[in-house]
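Novice: Dropping a structure here in structure tokens format, bear with me for questions.
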Amino acid sequence: MRKHILTWIIACACISAQAQQAKTYVIKADSVKAHVQPTMYGIFFEDINMAADGGLYAELIKNRSFEFATNLMGWTTLQKDGGDGSVEVIDRAKERPENPHYITLTVKSNSGYYGLSNEGFRGIGVKKGEIYIFSTMARQHAGSNITLTVQLVNADGTILGKAALTPTNTEWKKCAVKFVANATTENAHFDVLAKNAGAIDLDMISLFPQHTWKNRPGGLRADLVQKLADMKPGFLRFPGGCIVEGRDLANRYQWKKTIGDIDKRENLLNRWNVEFKSRATPDYYQSFGLGFLEYFQLAEDIGAEPLPILNCGMACQFNSGQTVPLDELDPYVHDALDLIEFANGSTDTKWGKLRAELGHPKPFNLKLMGVGNEQWGENYIPRWKIFTKAIKDKYPYMQLVSSLGPDPDGEKFDYLNKIFREQHADILDEHYYRSPKWFLSNAARYDNYDRNGPKIFAGEYAAHAEGVTDPYKKNNWLCAMAEAAFMTGLERNADVVKMASYAPLFANINAWQWAPDAIWFDNLHSYSTPDYYVQQLYSLNKGTDVVPLTLNKQPVKGQDGEYASAVLDNKTHTLIVKFVNTANETRNASFVMQGKKLKTTGTLTTMHSDSLGKVNSIQYPTAISPKKQNIALAGNKIKLVLKPYSFNIIRVNYIK
Ligand code: AHR
């Protein structure tokens, strides 16, 4: 398949003569075609590939509350210095249905230690000098005086840091202690060792680095959030993805269960745990430590509009496809209405008050919401109508995102596209996981869309170099370059395309289910893929006004393997040109701007590789990444030699 695509690209490149003549591209600064939405380029977050637990959420202990189907998964028992004892999982479902299990750790004698060890999420990443915070819910049994020693231990048995504490309480209480790590390793484990004969109950056994994003206790991994912030995204779509729908309705995402005390957030099987046999991940659950308040907070932190997607009474149609009877849809609709109140309501409303109690009195100014994720077919329509009416009646300012299904064309797409256009839907969510060839030949996709119809949200897309069902697809330069080329078409049509997000966002190198993905990480490191950089360059160079860029009076959308678009940034008075050269030869390009006078210097930022198969990696994280240089204009012309297989951003200020 890949070979085929390479041949196709090379064939395109060969249409033109080998030695290219200089070409002159004309930009009309005085003919604004569309305004670029501030929300145009955003991010799609889903807890897939251990993106939340085992990823963004900085908790280092897996199965901290013993709620996995195998309650002690991730834990092994430990005996040290002749100590002995037992661990029993206790079921208290009647009393605490949302957190039904804890353990009783019994120590048999006063000599030695007995306890448990947690393997973390494919090991635990530890950094020298970092402060770690251990906490647990604990209660001593009457007459017991158990001391806990907690320690991070390297694979070779070296202790990397430790602390001791003695919970004295006989009622449940949170106990915590800090310690500093003395070395860096990717693959530690964490021991909880009990001393002195007796018994103690434990739950929510947790270990966090003190340093998290904005140093929030129990917060998010700072290096990963930084990557999101660096994109300056226009919106944050959350929590997915199919995870919204669940494989069945019992396993759907329910935002109300994801807020408040973390030990009251009901854990749930992650639907990606069992989705792909070849990438089965039996230890993948959702702790919801990254819950809806944290998502809203994250969006606020990184300056993105929040875009929650809610279940509309339908489970994933690739799985059970369960639907809620229409006369039982009320609780689902109320979840949506209550969420808007939670996000925007004043502190004297029920849900606004709760938001304030949880630490965020200021409203989140929610304006966007998705009704269903990737739904299709006739069952969607009546549910969509009920949701839309209820939301619009109460909150007419809300802009709703409606799904056009999993494909960008075909029967499912056409069916919904027709109905939603008749219904004057606000925003239609299109998904395309397609070959690079598809992306290259669809750069004009939106040119003929109805300018007065619903707006488009390219809600999930990625070029897949190999077959879509092949799990070992790579984030190579061919894919990223094809996406860059396609995105010139999104930009040219910014009057129709309101928002776009690459998907999925994150993948844990040691625990992923779906590839390609924008950002890859392990327990200590992360790297951005070429696809990430393409998204970032568009976002950082989105400008405000689309202006025509033509060659021989034609938009540049694939001729000779070239794709280009232009915007002005009317705040900084900058012309920004995007030029993608998918041919295997340089281009001598001259850009002339009519209607405004350009200043004499600017910058050229280029992503390029001679090898279309090239990828970034932990070892070579920036093998393909933007490189910036200064340029000088000749007369009022931007004359450049643009590399083969390159994505270029040209920025030149103009005189106001
Ligand atoms: O991005 C991965 C999955 O692709 C999403 O969960 C789903 O919406 C789509 O099918």
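The values are calculated or read from the model by the stated rules, or taken from the named source; none is laboratory data. Since the structure is predicted, the reported quantities are computational estimates derived from the model, not experimental observations. Ideal geometry is used to build each Cβ from the backbone, glycine not excepted, and the neighbour counts take in all protein chains shown. Protein only, heavy atoms only, side chains kept; ligands, DNA and RNA dropped before computing areas. Shrake-Rupley method; radii C 1.70, N 1.55, O 1.52, S 1.80 Å.
Novice: Applying the Karplus parametrisation 6.51 cos²θ - 1.76 cosθ + 1.60 with θ = phi - 60° to the phi angles of the range 645-656, what ³J(HN,Hα) value in whole Hz is obtained for each residue in order, glycine and proline being reported as x?
Specialist: 6, 9, 10, 10, 10, 10, 10, 9, 6, 10, 7, 4
Novice: Can you list residues whose amide H is under 5 Å from His211's amide H, if they're 5+ apart or on another chain and H is modeled 1.01 Å from N?
Specialist: Amide H neighbours of His211, under 5 Å, 5+ apart: Ile131.
Novice: At what distance in nm do the modelled label points of Asp393 and Thr572 sit from each other, each positioned 7 Å from its Cα along Cα→Cβ?
Specialist: Between Asp393 and Thr572, the simple spin-label model gives 4.7 nm.
Novice: For Asn365 and Gln226 in one chain, what is 0.36 nm times their gap in residues minus the Cα-Cα distance, to one decimal in nm? Write out the running numbers ahead of the final one.
Specialist: Working: separation 139, 0.36 × 139 = 50.04 nm, distance 2.28 nm.
That works out to 47.8 nm of additional length.
Novice: Right, next: Towards the positive end of the charge dipole of the range 296-441, with charges on Cβ (+1 Lys, Arg; -1 Asp, Glu), say which of Ser435, Ile381, Trp351 has the farthest Cα.
Specialist: The residue sitting farthest along the positive end of the dipole is Trp351.
Novice: Could you compute the FRET efficiency for Lys214 and Lys178, with r as their C-beta to C-beta distance and R0 at 22 Å, rounded to 0.05?
Specialist: For Lys214 and Lys178, the calculated efficiency is 0.75.
Novice: Each residue of the range 171-186 in order: what ³J(HN,Hα) in whole Hz does its phi give by Karplus 6.51 cos²θ - 1.76 cosθ + 1.60, θ = phi - 60°, with x for Gly and Pro?
Specialist: Result, ordered by residue: 10, 4, 8, 7, 10, 9, 8, 10, 8, 10, 8, 9, 7, 9, 7, 8 Hz.
Novice: Here is a further query. Can you grab the distance from the C-alpha centre of the range 605-639 to the C-alpha centre of the range 104-166, Å, no decimals?
Specialist: 48 Å
Novice: Follow-up. Of Asn508, Gly595, Pro644, whose Cα points farthest to the positive end of the dipole of the chain (charges on the beta-carbon: +1 Lys, Arg; -1 Asp, Glu; origin at the Cα centre)?
Specialist: The one lying farthest along the dipole's positive direction is Gly595.
Novice: Among His573, Tyr527, Asn541, whose Cα sits farthest toward the positive end of the charge dipole of the range 506-580 (+1 at Cβ of Lys/Arg, -1 at Cβ of Asp/Glu, about the Cα centre)?
Specialist: Value computed over the given set: His573.
Novice: Hey, could you get me the Stokes-Einstein D for the chain, Kirkwood radius over alpha-carbon pairs, 10 °C and 1.306 mPa s, rounded to whole µm² s⁻¹? The partial results should precede the final answer.
Specialist: Details: Rh = 26.6 Å.
It diffuses with D of about 60 µm²/s by this estimate.
Novice: List, in order, the whole-Hz ³J(HN,Hα) value for each residue of the range 563-578 obtained from phi through the Karplus relation with A = 6.51, B = -1.76, C = 1.60 and θ = phi - 60°; use x for Gly and Pro.
Specialist: The phi angles translate into 9, 8, 8, 9, 9, 10, 10, 7, 8, 9, 6, 10, 8, 10, 10, 10 Hz.
Novice: Distance check, please: which entries in Lys412/Lys473; Lys362/Lys498; Lys33/Lys637 exceed 24 angstrom between their Cα atoms? Could the numbers behind the result be given before it?
Specialist: On the way: Lys412/Lys473 26 Å; Lys362/Lys498 27 Å; Lys33/Lys637 22 Å.
In this structure, Lys412/Lys473; Lys362/Lys498 exceed 24 Å between Cα atoms.
Novice: Moving on. Counting pairs on different chains as well as pairs 8 or more places apart, how many Lys pairs in the range 544-630 have Cα atoms under 21 Å apart?
Specialist: Within the range 544-630, the lysine pair count is 15.
Novice: Check which residues have an amide H placed less than 5 Å from Thr170's amide H, if you skip close sequence neighbours.
Specialist: Gln140
Novice: May I ask for the distance between the Cα centers of the range 23-82 and the range 511-581, given as a whole number of Å?
Specialist: Taking the Cα centre of each part, the range 23-82 and the range 511-581 sit 21 Å apart.
Novice: Same structure again: Not counting the cut sites, what is the longest span of the chain without chymotrypsin sites (Phe, Trp or Tyr not before Pro) that DSSP labels loop and that have at most 11 other Cβ atoms within 10 Å? Intermediate results must be reported in sequence, preceding the final value.
Specialist: On the way: sites that count: Tyr397, Tyr472.
Between exposed loop sites, the widest span is 1-396.
Novice: If ligands, DNA and RNA are left out, what is the accessible area of Lys80 with a 1.4 Å probe, given in Å² to the nearest 10?
Specialist: The value for Lys80 is about 70 Å².
Novice: Still on this structure: Whose amide H sits under 5 Å from the amide H of Ile631, counting only residues 5 or more places off or on another chain, with H placed in the peptide plane?
Specialist: Gly602, Thr603, Leu604
Novice: Still on this structure, please answer the following. At a 1.4 Å probe radius, carbon and sulfur cover how many percent of the accessible area of the chain? Show your work: numbers first, answer last.
Specialist: Numbers: 12710 of 24730 Å².
Accessible surface attributable to carbon and sulfur in the chain totals 51 percent.
Novice: Now, a different point. Fully extended, how many nm does the chain gain between Glu357 and Asn169 (0.36 nm per residue separation, minus their Cα-Cα distance)? Intermediate results must be reported in sequence, preceding the final value.
Specialist: Numbers: separation 188, 0.36 × 188 = 67.68 nm, distance 2.72 nm.
Stretched fully, the Glu357-Asn169 segment lengthens by 65.0 nm.
Novice: Another question, if that's okay. With +1 on each Lys and Arg Cβ and -1 on each Asp and Glu Cβ, and nothing else charged, work out how big the dipole of the chain is about its Cα centre, in Debye to the nearest 20.
Specialist: Numbers: 75 positive and 69 negative charges, 520 e Å.
The dipole of the chain has a size of about 2500 debye.
Novice: I'd like the accessible area for Met73: 1.4 Å probe, protein heavy atoms, all chains in place, Å² to the nearest 10.
Specialist: 50 Å²
Novice: Also, I was wondering about something else. To make sure I understand the rule: partners must be lysines, Cα under 27 Å from the Cα of Lys195, and not fewer than 8 residues away in the same chain. Which ones qualify?
Specialist: Cα-Cα hits under 27 Å: Lys62, Lys80, Lys108, Lys162, Lys173, Lys174, Lys178.
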